[in-house]
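Q: Right, I'll just put the structure down here and ask away after.
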Amino acid sequence: MNPNTPPVPPSGDDQPLETGQTIEWAAPTSTPPAIQEMIAASDPAASSQAENPATAAAPDAATVPAAPVSGNGPLHYYAPAPDVPSIEHRKLSPSPLPQMPLLITLPYAEATTAQFSFSPQADQSRIIGNGVRELKEFFQFELPPTEQFTTIKNLTPGKLEKRDDAWHVVQKAEIALS
């Protein structure tokens, strides 16, 4: 990470985030420094700009793409699995937390469709201990005959569609319980 960039996300009060705490951002007016670094790492033309502090410190409209560019990578968010087949966009977190079983992947920032799967950072033992009931609205799975299992494995991703500032399940993801 560029040592001249502030920690992301800037909270304004320099207090560390607590486990489980989420942050809401307004729609960005410019690309955050951490995203600029990721773009620079994946795009050789952008990396020369990122290495030059004069251009990296003050990006202008010419250096920050206004629309998705094929060189930009997907965005990953983490979310709880509510008991309805949709989740409000404001509940998405950029940080992987153990209590958030959904890993949502947007192809670019303004996408209205996304894929999702079971998050590798989710606490499987807690979810299994709850009887996986929190997953039923987002995931398709079969309980083992003994109804005893210790692992959750992704098989196929699910699909989400954004409507009215919420992500709605269009197709459930498939997981295996073993």
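Q: What is the sum of charges, Lys and Arg at +1 and Asp and Glu at -1, for the other residues whose Cβ falls under 15 Å from the Cβ of Thr156?
A: +1
Q: How big is the Cα convex hull of the stretch 74-177 in projection, averaged over all directions, in nm²?
A: Projected area, direction-averaged: 5.9 nm².
Q: Oh, and also: Where a Cα-Cα gap under 16 Å defines reach, which lysines qualify for Lys159, not counting those fewer than 8 residues away within the same chain?
A: Those lysines meeting the cut-off are Lys136, Lys172.
Q: According to a simple spin-label model (label point 7 Å from Cα along Cα-to-Cβ), what is the distance in nm between Val170 and Glu110?
A: So the label points at Glu110 and Val170 sit 1.8 nm apart.
Q: Additional query: Take every DSSP beta bridge whose two residues both sit in the stretch 63-178, then give the antiparallel share in percent to the nearest 5.
A: Antiparallel bridges: around 95 percent, rounded to the nearest 5.
Q: Give the order of Thr105, Thr156 when sorted by the count of other beta carbons within 10 angstrom, beginning with the fewest.
A: On the way: Thr105 16, Thr156 12.
With the sparsest Cβ surroundings first, the list reads Thr156, Thr105.
Q: Could you work out how much longer the chain between Phe149 and Asp83 gets when fully extended? Use 0.36 nm per residue separation minus the Cα distance between them, nm to one decimal.
A: Here the answer is 21.6 nm.
Q: Exactly which GluC sites (Glu not before Pro) in the stretch 65-144 are in a DSSP loop and have at most 14 other Cβ atoms within 10 Å?
A: Answer in residue order: Glu110, Glu142.
A short reminder: the numbers here are calculations on the coordinates, not readings from a lab. Computed from a predicted model, the values in this text were never measured in an experiment. Note that each Cβ is placed from the backbone with ideal geometry, even for glycine, and that neighbours are counted across all protein chains shown.
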